[in-house]
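Engineer: Quick one: this structure, given as structure tokens, is what I'll be asking you about.
The values are calculated or read from the model by the stated rules, or taken from the named source; none is laboratory data. Owing to the predicted nature of the structure, the values given are computational and were not obtained by experimental measurement. With ideal geometry, Cβ positions are generated from the backbone for all residues, glycine too; neighbour counts draw on all protein chains shown. Each accessible area value is taken on the protein alone, full model and side chains, heavy atoms only, with ligands, DNA and RNA left out. Shrake-Rupley method; radii C 1.70, N 1.55, O 1.52, S 1.80 Å.
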Amino acid sequence: MKEIFERRSIRKYTSEKVEKEKIKKIVKAGFAAPSCGNQRISHFIVIENKESLKKIADIHGYAEALREADTAIAVCANLEEEVYEGFWVQDCAAAAENMLTEAVHLGLGAVWLGVHPKERIIKHVNSILEIPEKVKVLSIISLGYPAEEKEASDRYIEDKVHFDKW
């Protein structure tokens with residue numbers, strides 16, 4: 001559980017290469033996430049091509065971390081596989097959170113870079129990654145060995161916890 005509380009958005013990375021075994025473990029963590037009705041429509045694009053990472057950073061606006069990242073993973077859903085319409089966002093969000101947590105566990109830094117619902121970003125990411133029309137991208141997770149440290153903080157807010165009623 002400590003990884004949940006220690007996870008922070010890490011945007012600066014060393015030049016050290018992320019091992020393929022660690023990438024596979026992160027992707028496996030994504031597949032282990034809950035899925036509405038167990039429909040399992042999440043797909044992941046592992047992005048290692050530095051030019052692709054740079055192009056995404058150029059158009060995104062908040063993705064400068066990709067310029068230093070060794071790898072990134074696009075978290076997607078194939079709507080052709082969808083059984084329970086509209087739940088793809090929740091399925092992909094659960095997968096992304098699992099992957100961010102596993103990255104911490106493996107000693108890596110990561111940051112969630114939102115794509116959906118920004119149409120301008122979606123259009124460019126789809127083009128760069130050659131994503132089919134029926135596939136939707138929720139987010140991109142930037143990965144690398146951290147070149148910055150961020151302290152864990154207690155984010156519990158008592159006033160936002162309600163029992164039985166608002």
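Engineer: Here's a check for you: in segment 83-104, which residue that is touching a helix residue (DSSP H, G or I) at 6+ places or on another chain (Cβ under 8 Å) and among the aliphatic types (A, V, I, L, M) is most open to solvent (accessible area, probe 1.4 Å)? So that I can check it myself, show each step before the final result.
Structural biologist: Residues of segment 83-104 touching a helix residue (DSSP H, G or I) at 6+ places or on another chain (Cβ under 8 Å): 83-84, 87-88, 90-91, 95-96, 98-99, 101-104.
Filter again for among the aliphatic types (A, V, I, L, M), leaving 83, 95-96, 99, 103-104.
On the way: 83: 102, 95: 1, 96: 0, 99: 1, 103: 0, 104: 37 Å².
Selected residue: 83.
Engineer: Kindly evaluate residue 69 against the criterion of being touching a Ser or Thr at 6+ places or on another chain (Cβ under 6 Å), assigned to a loop (DSSP other than H, G, I, E, B) and surrounded by 14 or more Cβ atoms within 10 Å (Cβ to Cβ).
Structural biologist: Yes.
Engineer: Here are 15, 42, 9: which of them is in contact with a helix residue (DSSP H, G or I) (Cβ under 6 Å, 6 or more places away or on another chain) and either over 14 Å from residue 125 (Cβ atoms) or surrounded by 20 or more Cβ atoms within 10 Å (Cβ to Cβ) (or both)? Step through it out loud before you land on a result.
Structural biologist: Values: 15 fails: in contact with a helix residue (DSSP H, G or I) (Cβ under 6 Å, 6 or more places away or on another chain); 9 fails: in contact with a helix residue (DSSP H, G or I) (Cβ under 6 Å, 6 or more places away or on another chain).
Just a single option satisfies the conditions, and that option is 42.
Engineer: Have a look at 24, 54, 28 and point out the one that is assigned to a helix (DSSP H, G or I), surrounded by fewer than 20 Cβ atoms within 10 Å (Cβ to Cβ) and touching a Lys or Arg at 6+ places or on another chain (Cβ under 7 Å).
Structural biologist: 54
Engineer: Taking the stated definitions as given, is residue 80 assigned to a helix (DSSP H, G or I) and open to solvent by 80 Å² or more (accessible area, probe 1.4 Å)?
Structural biologist: For residue 80, the condition - assigned to a helix (DSSP H, G or I) and open to solvent by 80 Å² or more (accessible area, probe 1.4 Å) - is met.
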